[in-house]
Amino acid sequence: MSMPVRIDDELYEQAKAASKGECRTIAGQLEFWAKVGKAALDNPDLPIDFVRELLIARAEDRKLLPGFAPGQFRD
């Protein structure tokens, strides 16, 4: 369900710029920022970059990822 929300013009423009580089809609960029912020507040001991990368990884289609076999990366 989507809901209209009023946001500051400057935040909108920032999301618009960031959404192009992240290949998201403006609404998707704002939603992503909200999820990162919430996860960071819920887990204050984790670095924000870790939280961000974790959310990105969780959104990836697992079918497109290569398989992993134990011992695969041993020297």
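Each reported figure results from applying straightforward, stated rules to the coordinates on display, with no laboratory input. If you're wondering where the values come from, they're calculated on a predicted model, not measured in any experiment. Please note: Cβ atoms are built from the backbone with ideal geometry, for glycine as well, and neighbour counts cover all protein chains shown.
Taking other C-beta atoms within 10 angstrom as a stand-in for reagent exposure, Glu31, Glu10 fall in the order Glu10, Glu31, fewest first.
Each principal axis of the chain carries a Cα extent, and these read 53, 29, 25 Å when sorted largest first.
The angle between the Cα long axis of helix 26-42 and the main principal axis of the chain comes to about 70°, on a 0 to 90 degree scale. Exposed loop sites are taken as trypsin sites (Lys or Arg not before Pro) in a DSSP loop (any state but H, G, I, E or B) with at most 14 other beta carbon atoms within 10 Å; the longest stretch of the chain without one runs 7-73. Remark: region 47-52, residue by residue, has Karplus-estimated 3J(HN,Hα) of x, 4, 5, 5, 4, 4 Hz, where x stands for each Gly or Pro and the curve is 6.51 cos²θ - 1.76 cosθ + 1.60 at θ = phi - 60°.
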